[in-house]
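Below: one structure, written as structure tokens.
The values are calculated or read from the model by the stated rules, or taken from the named source; none is laboratory data. Keep in mind it's a predicted model, so treat the numbers as computed, not measured. Please note: Cβ atoms are built from the backbone with ideal geometry, for glycine as well, and neighbour counts cover all protein chains shown.
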Amino acid sequence: MKIIVAGGDGFCGWPTALYLSKQGHDIAIIDNMARRKWDNELHSNSLTPIASLEERVAKWKELTGKEIRIYDGDLNHYDFLREVLKKEQPEAFAHFAEQRSAPYSMIDREHAVFTQNNNVTGTLNVLYGIKEIVPECHLIKLGTMGEYGTPNIPIEEGYIEIEHKGRKDVLPFPKQPGSFYHLSKVHDSHNITFACKIWGIKATDLNQGVVYGLDTDETKMDPVLANRLDYDGVFGTALNRFIIQSTIGHDLTVYGKGGQTRGFLNIKDTVRCIEIAAENPPENGEFQVFNQFTEEFSVMDLAKMVVNAAKEEGLNTEIAHLENPRVELEEHFFQAENTKLQDLGLEPNLLTEEVIRDIIKTVISHKDRVIKENVLPQVTWK
Ligand code: NAD
């Protein structure tokens with residue numbers, strides 16, 4: 001299958017591009033290198049040293065003989081996107097290319113506006129590009145479980161059957177996002193729903209949980225193929241952040257009580273989920289939604305697991321309860337459906353202390369790169 005991976009230089013996109021290429025798909029990456037520029041803006045870095053995208057794909061070709069074409073450009077530049085679509089004629093478009101940090105979107109007005117412009121306009125351009133140039137192309141869009149928020153009822157996969165005043169309908173599940181970033185994903189979902197309805201486009205929304213881990217079989221083949229790993233208060237996600245904190249002797253930064261519960265998955269499952277989505281396109285005009293996570297944990301569950309795993313590695317780690325910089329419930333009901341991807345063949349890599357210890361071992365070899373001032377949260381919601 002010809003597949004474009006937009007955002008293919010990023011944490012999820014790069015391992016996905018390699019995995020799909022290994023499976024025999026013909027891959028082209030679009031990325032404008034924005035994520036590397038945000039590191040410069042925030043005086044931050046990836047814990048793992050990462051090669052340039054050109055070096056990465058050259059190494060992949062050297063090791064496997066497989067070519068990945070790269071297009072350095074912005075989805076917000078429609079002329080650029082049109083030319084790539086015309087040239088590539090993709091059958092699927094895996095869309096990772098967004099500003100994905102909730103704290104980054106909450107820094108100030110400029111960052112909120114940038115996030116929503118970048119994400120919503122970029123996706124709108126992709127929808128127009130598909131309509132105009134490759135109407136049969138399947139859009140595989142990375143959404144987030146954070147679109148749903150934490151309602152006091154079980155979360156369904158995209159849609160819910162509702163009976164109201166004696167009438168029934170299947171409607172989009174209510175969305176209660178918790179940041180301007182998460183709101184951008186909800187706006188995307190609405191635009192995609194509408195485009196599918198009016199133009200007959202086929203799309204899959206992958207409402208992904210928090211991704212942890214860094215390696216896949218492919219990224220481990222050579223240091224030049226290494227994946228990025230974020231640990232700072234802006235881009236670092238829970239668990240990866242805790243693991244890195246444990247290796248530098250920093251207290252684990254649990255926000256508030258730590259009862260915040262979310263869906264999680266290993267990066268190894270992310271790449272497989274994209275393959276499953278590509279193999280199972282919906283009908284034309286349909287917007288199918290999969291909840292892409294394998295397990296639920298509270299922030300405190302994770303912190304305790306990291307403390308125990310770190311201890312086994314000879315590291316003494318404490319948990320600190322910081323004042324929560326976010327506005328969110330710290331104790332709440334959370335139960336979400338996630339059966340569709342597993343019914344289609346996903347075999348989850350579950351989180352164990354052994355898995356955490358393996359990540360700790362990789363992290364230890366790079367711990368000198370940690371910029372300690374970046375570890376604590378500096379962005380507040382208020
Ligand atoms: P990332 O920041 O590491 O990668 C995103 C990539 O997209 C970067 O390489 C960036 O340069 C590129 N990009 C951003 N805007 C672009 C634009 N306008 N044009 C071209 N390229 C652009 O992020 P990630 O962690 O790999 O996340 C990928 C996707 O998965 C995002 O859409 C994110 O919302 C979603 N997601 C991620 C997680 C997670 O835990 N990492 C969880 C849920 C959902």
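Please go through region 1-53 and pick out each residue that is in contact with a helix residue (DSSP H, G or I) (Cβ under 8 Å, 6 or more places away or on another chain), among the charged types (D, E, K, R) and surrounded by 18 or more Cβ atoms within 10 Å (Cβ to Cβ).
If the condition is that a residue be in contact with a helix residue (DSSP H, G or I) (Cβ under 8 Å, 6 or more places away or on another chain), among the charged types (D, E, K, R) and surrounded by 18 or more Cβ atoms within 10 Å (Cβ to Cβ), then Asp9, Asp31 are the ones that fit.
Do you know which residues across region 369-382 are modelled with pLDDT under 95 and not in a loop (DSSP other than H, G, I, E, B)?
Lys372, Glu373, Asn374
What tally of residues in region 97-117 results from selecting those that are within 10 Å of the ligand (Cβ to nearest atom), in a helix (DSSP H, G or I) and of a type outside the set (Phe, Trp, Tyr)?
Residues meeting the conditions: 3.
Out of region 45-72, which residues are within 15 Å of the ligand (Cβ to nearest atom), more than 20 Å from the chain's Cα centre (by Cα) and not charged (D, E, K, R)?
Ala51, Ser52, Val57, Ile68, Ile70, Tyr71
Restricting to strands (runs of 3 or more DSSP E) lying wholly in region 124-189: which have 3 or more residues that are over 26 Å from Glu110 (Cβ atoms) and away from the ligand (no atom under 16 Å from the Cβ)? Outline the logic, then answer.
Details: elements: 138-144, 159-164, 167-172.
The qualifying strands (runs of 3 or more DSSP E) are 159-164, 167-172.
So, in region 75-101, exactly how many residues are among the small types (Gly, Ala, Ser) and either modelled with pLDDT under 95 or surrounded by fewer than 22 Cβ atoms within 10 Å (Cβ to Cβ) (or both)? Before the answer, list the steps.
Taking region 75-101 first, the residues among the small types (Gly, Ala, Ser) are 92, 94, 97, 101.
Now narrow it down to the ones that are either modelled with pLDDT under 95 or surrounded by fewer than 22 Cβ atoms within 10 Å (Cβ to Cβ) (or both): none.
Total meeting the criteria: 0.
Which residues, counting only those in region 235-266, are within 22 Å of Pro348 (Cβ to Cβ), more than 10 Å from the ligand (Cβ to nearest atom) and assigned to a loop (DSSP other than H, G, I, E, B)?
Within region 235-266, Gln260 is the sole residue that qualifies.
Say we look at region 1-44 and pick out the residues that are under 24 Å from Gln208 (Cα atoms), polar (S, T, N, Q) and assigned to a loop (DSSP other than H, G, I, E, B); which of these is farthest from the ligand (Cβ to nearest atom)?
Gln23
Taking only pairs six or more apart or across chains, which ones have beta-carbon atoms under 9 Å, a first residue in region 61-77 that is more than 17 Å from Gly13 (Cα to Cα), and a second residue that is near the ligand (Cβ under 9 Å from one of its atoms) and part of a loop (DSSP other than H, G, I, E, B)?
Correct list of pairs: Asn76/Asn32; His77/Asn32.
Which ones in region 312-325 are surrounded by 14 or more Cβ atoms within 10 Å (Cβ to Cβ) and more than 21 Å from Lys257 (Cα to Cα)?
Glu313, Leu315
So that you can scan it fast, the table gives a plain yes or no per residue for (1) in contact (Cβ under 8 Å) with a residue 40 or more places away in the chain; (2) touching a Pro at 6+ places or on another chain (Cβ under 7 Å):
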position	(1), (2)
Tyr159	yes, yes
Lys165	no, no
Pro172	no, no
Leu183	yes, yes
His187	yes, no
Lys202	yes, yes
Gln208	yes, no
Tyr212	yes, no
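Condition (residue is free of Cβ contacts under 8 Å to residues at least 24 places away in the same chain and either in contact with an Asp or Glu (Cβ under 7 Å, 6 or more places away or on another chain) or not charged (D, E, K, R) (or both)) applied to region 350-357: is it met by at least one residue?
There is at least one residue in region 350-357 that is free of Cβ contacts under 8 Å to residues at least 24 places away in the same chain and either in contact with an Asp or Glu (Cβ under 7 Å, 6 or more places away or on another chain) or not charged (D, E, K, R) (or both).
Would you mind finding the one in Tyr148, Tyr159 that is within 16 Å of Phe287 (Cα to Cα), among the aromatic types (Phe, Trp, Tyr) and at pLDDT 95 or above?
Details: Tyr148 fails: within 16 Å of Phe287 (Cα to Cα).
Going through Tyr148, Tyr159 in turn, just one is within 16 Å of Phe287 (Cα to Cα), among the aromatic types (Phe, Trp, Tyr) and at pLDDT 95 or above: Tyr159.
Go through the residues of region 326-334 one by one and say whether even a single one is loosely packed, with under 13 Cβ neighbours inside 10 Å and assigned to a helix (DSSP H, G or I).
No, that holds for no residue.
What is the number of the single condition among (1) charged (D, E, K, R); (2) surrounded by fewer than 22 Cβ atoms within 10 Å (Cβ to Cβ); (3) part of a loop (DSSP other than H, G, I, E, B) that Asp232 does not meet?
Exception for Asp232: condition (2).
Pull up region 341-368, narrow it to residues that are closer than 26 Å to Asn280 by Cα and out of contact with any helix residue (DSSP H, G or I) (no Cβ under 9 Å at 6 or more places or on another chain), then point me to the one that is surrounded by the most Cβ atoms within 10 Å (Cβ to Cβ).
Of region 341-368, the ones closer than 26 Å to Asn280 by Cα are 341-350.
Going one step further and asking which of them are out of contact with any helix residue (DSSP H, G or I) (no Cβ under 9 Å at 6 or more places or on another chain), we end up with 342-343, 350.
On the way: Gln342: 14, Asp343: 9, Leu350: 12.
Filtering first and then ranking leaves Gln342.
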